[in-house]
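Enquirer: My questions will all concern the structure given below.
Rule-based calculations on the coordinates, nothing more; no lab input. No experiment lies behind these values; they were computed from the predicted model shown. When we count neighbours, we look across all protein chains shown, and the Cβ atoms used for this are built from the backbone with ideal geometry, even at glycine.
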There are 2 protein chains.
Amino acid sequence: MFNSKVKLVDNMQFIATADSGHAVVMDGPPNVGGNNTGSKPSELLLMAFGGCSGMDVISILRKKKQDVTGLEMNVSGDTSGGHPRSFEKMHIEYIVTGRNISDDAVKSSIELSLGKYCLVGATIGKSAEITHSYKIVQESGQ
Amino acid sequence: MFNSKVKLVDNMQFIATADSGHAVVMDGPPNVGGNNTGSKPSELLLMAFGGCSGMDVISILRKKKQDVTGLEMNVSGDTSGGHPRSFEKMHIEYIVTGRNISDDAVKSSIELSLGKYCLVGATIGKSAEITHSYKIVQESGQ
């Protein structure tokens, strides 16, 4: 069981906490009456997906003894036009930087995350078609 | 189109940013190799849902001229046991505090959010059965 508490602070600003104890500020832009003091809820959904899959991928690459020096995910999402509007398409691009990184290791770590481990991705994946791509940036030198 | 960038900082710590420009730190607990310096991605998903629906509900209650002095959402989620594990059940409890708050206004604002407006809820709702409840705390005095 996962738990979160979200509390109105002022205007459209909310502060959320969860079991791990960390707080996140959410707000809306001025055109919906907010003051843009924090992340939009829809943005948090994309961040959650990127973080969830990123944690899987870095863990698997380390287990595979890959010399990773950087990992970035770019997550984009498209919504349907109607009501209720939901995410219909999501794309996640992984950029893995390191030395002598194996293409197979990257490919299989992403497939394991998206196909098996990532709770957020599996949840969103019932609504949105999730596609992915990756780039490997090989660093030279010792 | 919504966009987010998630970048590995150190160990299992990631920092995410999105179009609105605000950053969120994510990390894992020590049992998955993290240092618990930020929210877990699965927690962000619940926070996003609570914030998304909370923004709808407060907007609608204000339009209905309700004298709301506080709003809180408690969001809990249960996952399936198998792989890929996804959220199968989610419950959101709304606690509306104010003066002379109309039960009908609260009920209809929640139904409009969950049935029509909340992008995060509509996305998660394709995976998880979403249930809701609410409490109204009437404040006395002027």
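Enquirer: Which one, B:ASP56, B:ASP78, B:ASP19, has the greatest fluctuation when you compute a Gaussian network model over chain B with C-alpha springs under 10 angstrom?
Expert: B:ASP19
Enquirer: Also, I was wondering about something else. Return the average number of partner chain Cβ atoms within 10 angstrom of each residue Cβ along peptide A:78-88. Don't skip to the end; give the middle numbers.
Expert: Details: counts 2, 5, 3, 0, 2, 5, 11, 6, 9, 7, 1.
Other-chain Cβ atoms within 10 Å of each residue's Cβ, averaged: 5.
Enquirer: Grab the DSSP H runs of the protein assembly as shown that are 4 residues or longer, score each as -39,500 (n - 2.57), total them, divide by all residues and round the 222 nm result to the nearest 500 deg cm²/dmol. Mind dumping the intermediate values first?
Expert: Working: 6 runs with 78 residues, N = 284.
Rounded to the nearest 500, it is -8500 deg cm²/dmol.
Enquirer: Which entries in the list A:LYS64/A:LYS135; A:LYS64/A:LYS116; B:LYS5/B:LYS40; A:LYS65/B:LYS40 go over 20 Å, if you measure between the two C-alpha atoms of each?
Expert: Values: A:LYS64/A:LYS135 18 Å; A:LYS64/A:LYS116 17 Å; B:LYS5/B:LYS40 16 Å; A:LYS65/B:LYS40 25 Å.
As for pairs spanning more than 20 Å Cα to Cα, those are A:LYS65/B:LYS40.
Enquirer: How high is the relative contact order of chain A, in percent, counting Cα pairs under 8 Å that sit 6 or more residues apart?
Expert: Here the relative contact order equals 19 percent.
Enquirer: Bin all alpha-carbon pair distances of the protein assembly as shown at 10 Å intervals from 0 and give each bin's fraction as a whole percent.
Expert: The distribution over the protein assembly as shown is 7, 30, 34, 18, 8, 3, 1, 0, given as percents.
Enquirer: While we're on this one: What lysines sit close enough to B:LYS89 to cross-link, taking a C-alpha to C-alpha distance under 16 Å and skipping anything fewer than 8 places away on the same chain?
Expert: Output for B:LYS89: A:LYS126, B:LYS126.
Enquirer: Rule-of-thumb check for segment B:33-142: C-alpha Rg over 2.2 N^0.38 Å? List each step's numbers first, then the result.
Expert: Details: Rg = 15.7 Å, N = 110, 2.2 N^0.38 = 13.1 Å.
Here the answer is 1.19, to two decimals.
Enquirer: Can you compute the charge dipole magnitude of segment B:41-138 about its Cα centre, using +1 on each Lys and Arg Cβ and -1 on each Asp and Glu Cβ, nothing else charged? Give it in debye, rounded to the nearest 20. Before the final figure, lay out each step's value.
Expert: Values: 11 positive and 11 negative charges, 66 e Å.
My answer is approximately 320 debye.
Enquirer: Using a 10 Å cut-off on Cβ to Cβ distances, tally the other chain neighbours for every residue of B:122-132 and report the average as a whole number.
Expert: Working: counts 9, 16, 8, 4, 8, 6, 2, 0, 0, 0, 0.
Shielding by partners across B:122-132 averages 5.
Enquirer: For chain A, take the longest principal axis of its alpha carbons; what is the angle in degrees between that and the long axis of helix A:103-112, to the nearest 10 within 0 to 90?
Expert: For A:103-112 against chain A, the angle is about 40 degrees.
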